[in-house]
1. Since residue B:178 meets every condition but one in (1) free of Cβ contacts under 8 Å to residues at least 24 places away in the same chain; (2) of a type outside the set (Phe, Trp, Tyr); (3) within 14 Å of chain A (Cβ to nearest Cβ), which condition does it not meet?
2. How about the range A:1-88: which helices (runs of 4 or more DSSP H) wholly inside it have at least 3 residues that are within 30 Å of residue A:348 (Cβ to Cβ) and not aromatic (Phe, Trp, Tyr)?
3. Can you tell me which residue is farthest from residue A:143 (Cα to Cα) among those in the range A:420-431 that are part of a loop (DSSP other than H, G, I, E, B) and under 25 Å from the mean Cα position of the chain (by Cα)?
4. Is it fair to say residue A:424 is free of Cβ contacts under 8 Å to residues at least 40 places away in the same chain and either out of contact with any Ser or Thr (no Cβ under 7 Å at 6 or more places or on another chain) or surrounded by 12 or more Cβ atoms within 10 Å (Cβ to Cβ) (or both)?
5. Quick one: in the range B:102-121, which of the residues that are touching a helix residue (DSSP H, G or I) at 6+ places or on another chain (Cβ under 8 Å) and farther than 15 Å from residue B:52 by Cα is farthest from the other protein chains (Cβ to nearest Cβ)?
6. Within the range A:341-361, identify whether any single residue is in a loop (DSSP other than H, G, I, E, B) and surrounded by fewer than 24 Cβ atoms within 10 Å (Cβ to Cβ), and answer yes or no.
7. Mind checking which pairs have a first residue in the range A:274-289 that is at positive phi and a second that is of a type in the set (Ser, Thr, Tyr), Cβ under 9 Å, 6 or more apart or different chains?
8. From the list A:254, A:243, A:224, pick out the single residue that is crowded, with 22+ Cβ neighbours inside 10 Å and in contact with a Lys or Arg (Cβ under 9 Å, 6 or more places away or on another chain).
Amino acid sequence: MAVRLWEVMERAQNGPFMEENYFVKKSLMPTIKKLIRKYEIKADLSKPVNTSDELADKVWQAGKELFLTVGVYNQDTHRVIEFDEREVNEDLFAAPSYYLVGKNHDLRRYGHRKVEDTEKPFIIMSPDITYDEQVFFNACLSYLKEPLLDGICSPLLGDFMGRPMTSHFPLEIGGSMHHAMTLRETARLAGRPDVFFVAVGTAESDMAQIAVSNDQWGVRAGDARLCGGITELMTNNQMLNKAIHYNQMGNLCAILPGAIYGGYAGGAEGTAILQIAFILQGLCVYGASFSQNFPFHLLYGSNTGREMLWIISAYTQAVARNTHLVNDSNCFANAGPMTDMLFYEGAAHAISSVVSGNNLWTCAPCRNKIHNHGTPLEARFAAEVAHSVVAQHMTREEASEVVNKLLAKYEEKIPHDNYGVPFHEAYDVLKCVPKPEYLDLFYKCKEEVAKMGVNFIY
Amino acid sequence: MEESIKKLTEAIMDGDDEVSAEAAQEIVDAKADLKPVIEKLTDTMRELGRQFEAMEIFLPEMILSADAMVAAMDIFGPVLAESGDIQKKGTVVLGTAPGDMHEIGKNIVVTVLTADGFDVVDLGKNVPAIDYVNKAVENEADVIGVSALMTTTMPGATEVINLLRDKDLYGKFKVIVGGAPTNPNWAKDIGADGWAESAAEAVTLVNNLVQK
């Protein structure tokens, strides 16, 4: 939902001038530190799922104050986009609390969730990594066959017609069109022609995104599209171009906020606060309909470690308790397909997210960086865990206990590479089904997770 | 004197550039031998680097400490140059690949290389391939570094190396690459001289390359 879109663009062009270095060092970093002290925010990492309402509310207040104090920096114009509290409150009030997405038998409700909510989470599936052109079609089809999928972002392309795609070069437009066409075609073949798309991730630049807007073969009005939040609390003209286009297309514009643990925000407390400010950047600058949240660890690029799960629970509860905004929580796991660690990581992330009041986006394996290494089966696992813990009305206290048991399975292994196997070794590519040995591991891990306290629905 | 050195190392650990400069000036005014002081500072920065890699401290602390180190070196520099004791480690030209807006990784490498004593020319983000080549020539650089965080920006590193070849400059500068989706095999395939997974590895790599 776009409130005062053009007034914001004017601020992006004519707001107060500031050097980028000054914004980071003298505005952003010290303000985060000051707000942690002011609100006395302290992470208790022995409980990887936060159980304190008071702490969640402090995180919200600090994050909102960070956004109001620092604003958002436009790297292209070197201008700060500022808002006053009345405007932020207006945007928060005006934002819808749910959307009806997809059509016909794929119509779904994608809505705000509360802490320990008993409403089903909305599940978006995507590995968020690139695949070979030769398996791309079948990889997309495999995801679309997943029964718990409410929306898809899908695998990405790195090459087009045998050539590496280069950002801002015509090959990027070609590859992005190929992606959009393939996704539309595979959705029909899977019997889900009107399923909700978040597309297309292959298109990095604004021009490539604009090129794939097409009601027949590409991204349609009503699909969702993403606008990055740049490290940290920054934007640029390309992102603003995307936001304008998405809002005018009738897309659900979403911000991609990924506050970095260990980066400019410092530790867990600062990262949670920064994530809130990023969500407000999406709402107020991009007119975002929802936030696709992926705070991650500076060294590992993942978000399934203890401190990351705490951050996810804290910012999620902050938003769930203090707004009616729509959110989802994107899993970045360390391990790869055909490893038990990947299932355990996905489960821990799902529990921390949905019990705290988030929807789920799952799952990017291998620290989101190993080509071809992702399958729908790990997404299915996390989705089954998410629905099950919601159905059994799991509390945050219980969630914290289960997540601690899951962490015991993999916490020590996080620093070590454990990338498993690529899609074509874990799946029968032609039939788009998991290989028996991967399914065996799936069921074995389900039994293990059930023993930890998850009552699987089936 | 010991007191001023202690004050200086503590100021660097605390990331206080004003106190760091003050302590450095005290040391210069006392006409102390700067060599052992510089060695002490190098040890301090190494310890900070270790703490950062272990996430015992975070990027803000690392940046402020590097700034404090630079503040001290700004005062020591002219004295070292005059005495002939200054040893330039090398010049590194760094940026993110064409089309790539993600620069936190590159910024960390800039910070740790600067703290390690290199002259770093930070080209910023979304740097056209030709700019790497021109700036390396202009600054008589030893190393060119290209960071890419997206698969679609990785070809930008290849473009830099291809330009060096086309301008008969390949081999004149060492080229290093890095970034989340990159790997050592790809680096080798495109003709880079080195690849690093982390900032700490980048420092070791650059030190090794400039010694060759």
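1. Residue B:178 satisfies all of (1) free of Cβ contacts under 8 Å to residues at least 24 places away in the same chain; (2) of a type outside the set (Phe, Trp, Tyr); (3) within 14 Å of chain A (Cβ to nearest Cβ) except (1).
2. Hits in the range A:1-88: A:29-38, A:53-70.
3. Among residues in the range A:420-431 that are part of a loop (DSSP other than H, G, I, E, B) and under 25 Å from the mean Cα position of the chain (by Cα), the one farthest from residue A:143 (Cα to Cα) is A:420.
4. no
5. B:117
6. So far as the range A:341-361 goes, no, none of its residues is in a loop (DSSP other than H, G, I, E, B) and surrounded by fewer than 24 Cβ atoms within 10 Å (Cβ to Cβ).
7. Pairs found: A:287/A:246.
8. Matching residue, one of A:254, A:243, A:224: A:254.
The values are calculated or read from the model by the stated rules, or taken from the named source; none is laboratory data. From a predicted model like this one, the values you see are computed outputs, not experimental measurements. Counting neighbours? That spans all protein chains shown, and the Cβs are built from the backbone with ideal geometry, glycine included.
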